[in-house]
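Engineer: Structure provided below as C-alpha cells; questions to follow.
The values are calculated or read from the model by the stated rules, or taken from the named source; none is laboratory data. Since this is a predicted model, take the numbers as computed values, not measurements. Here the Cβ is made from the backbone with ideal geometry for all residues, glycine too, and neighbour counts use every protein chain on show. We work out accessible area using only protein heavy atoms, side chains counted, and drop any ligands, DNA or RNA first. Shrake-Rupley method; radii C 1.70, N 1.55, O 1.52, S 1.80 Å.
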Amino acid sequence: QVQLVESGGGLVRPGGSLRLSCVISGLQLSIYTLSWYRQAPGEQRELVASVAGGGSPYYQDSVKGRFTISKDERLNTMYLQMNSLKPEDTAVYYCQAKHFGLNYWGRGTQVTVSD
C-alpha cells in the first residue's frame with residue numbers, strides 16, 4: 001500500500017524558515033518524479049518544486065533561491081527546505097509521487113506565514 005505523509009508545517013513569521021518532510025512508503029523513489037504542490041484558500045493547486053531521478057530540480061519562479069527540494073532514498077523521504085518565507089507562501093503543501101500513469105498524493109500540511 002502506497003502512503004505519503006507530510007509533516008513540518010506550522011506558523012512562522014515572515015523571513016523565517018521551515019522544512020517540510022514527506023515520508024513515502026510502498027514505492028521505489030528512484031523511478032518516480034517527486035514534487036511539492038501547494039494550494040492557498042480560493043486558489044488552484046500549483047506546482048512548487050519537483051525532482052525526477054537524477055535530473056536537475058524544477059522550481060516555480062516565485063520560490064527560486066528560497067526553496068530547496070531534496071530526497072533521501074535510504075529513508076524514503078523527500079524534503080522541502082523553505083527559507084525567507086513570505087505571507088504569500090501561506091498554503092497547504094502537498095507531496096506527490098508520479099510515474100507514468102501512477103500518481104500518489106499526501107494529505108497535506110498547513111504552512112502559515114504571518115506576524
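Engineer: Note down the net charge around G108, summing +1 for each Lys or Arg and -1 for each Asp or Glu among other residues with Cβ under 15 Å from its Cβ. Before the final figure, lay out each step's value.
Structural biologist: On the way: positive: R38, R45, R107; negative: E6, E43, E46, D89.
Every neighbour counted, the sum reads -1.
Engineer: With a 1.4 Å probe and all protein chains in place, put I69, I31 in order of accessible area, largest first. Write down the numbers at each step before the final one.
Structural biologist: On the way: I69 15, I31 80 Å².
Per-residue accessible area, sorted high to low, gives I31, I69.
Engineer: Now for a separate question. Tell me which of S84, W36, G9 sits at the most positive position along the dipole axis of region 1-102, charges placed on C-beta atoms (Lys, Arg +1; Asp, Glu -1).
Structural biologist: S84
Engineer: How large, in percent, is the carbon and sulfur part of the accessible surface of the chain at a probe radius of 1.4 Å?
Structural biologist: On the way: 2980 of 6270 Å².
Here carbon and sulfur together make up 48 percent of the probe-accessible area.
Engineer: Report the rotationally averaged projected area of region 1-52 based on its alpha-carbon convex hull, in square nanometres. Kindly include the intermediate steps, with their values, before the conclusion.
Structural biologist: Values: hull surface 19.4 nm².
Averaged projected hull area, Cα only: 4.9 nm².
Engineer: Net charge near I69: determine it from the other residues with C-beta under 13 Å of the C-beta of I69, scoring Lys and Arg +1 and Asp and Glu -1.
Structural biologist: Details: positive: R19, R38, K64, R66, K71; negative: D72.
Neighbour charge sum, excluding I69 itself: +4.
Engineer: On to the next question. Determine one quarter of the surface area of the Cα convex hull of the chain, which equals its mean projected area, and express it in nm² to one decimal. It would help to have the intermediate numbers written out before the result.
Structural biologist: Values: hull surface 27.7 nm².
That works out to 6.9 nm², a quarter of the Cα hull's surface.
Engineer: Moving on to the next point. Kindly write out, for region 10-17 in residue order, the coupling ³J(HN,Hα) from the Karplus curve 6.51 cos²θ - 1.76 cosθ + 1.60 (θ = phi - 60°), rounded to whole Hz, with x marking Gly and Pro.
Structural biologist: Ordered by residue, 3J(HN,Hα) equals x, 9, 9, 7, x, x, x, 10 Hz.
Engineer: Could you give the length gained on full extension between Q44 and Q28, defined as 0.36 nm per residue of separation minus the Cα-Cα distance, in nm? Could you put the intermediate results ahead of the total?
Structural biologist: Values: separation 16, 0.36 × 16 = 5.76 nm, distance 2.87 nm.
So the extension gain works out to 2.9 nm.
Engineer: Among DSSP bridges having both ends in the chain, what percentage is antiparallel? Round to the nearest 5.
Structural biologist: Values: 39 of 42 bridges.
Expressed as a percentage, antiparallel bridges in the chain total about 95.
Engineer: Using a Förster distance of 22 Å, how high is the FRET efficiency between L102 and K64, based on the Cβ-Cβ distance and rounded to 0.05? List each step's numbers first, then the result.
Structural biologist: On the way: r = 28 Å, r/R0 = 1.29.
Calculated value: 0.20.
Engineer: Using +1 on the beta carbon of Lys and Arg, -1 on that of Asp and Glu, and nothing else charged, what's the dipole of the chain about the Cα centre, debye to 20? Present the calculation step by step, with values, prior to reporting the outcome.
Structural biologist: Values: 11 positive and 9 negative charges, 30 e Å.
That gives a dipole near 140 debye.
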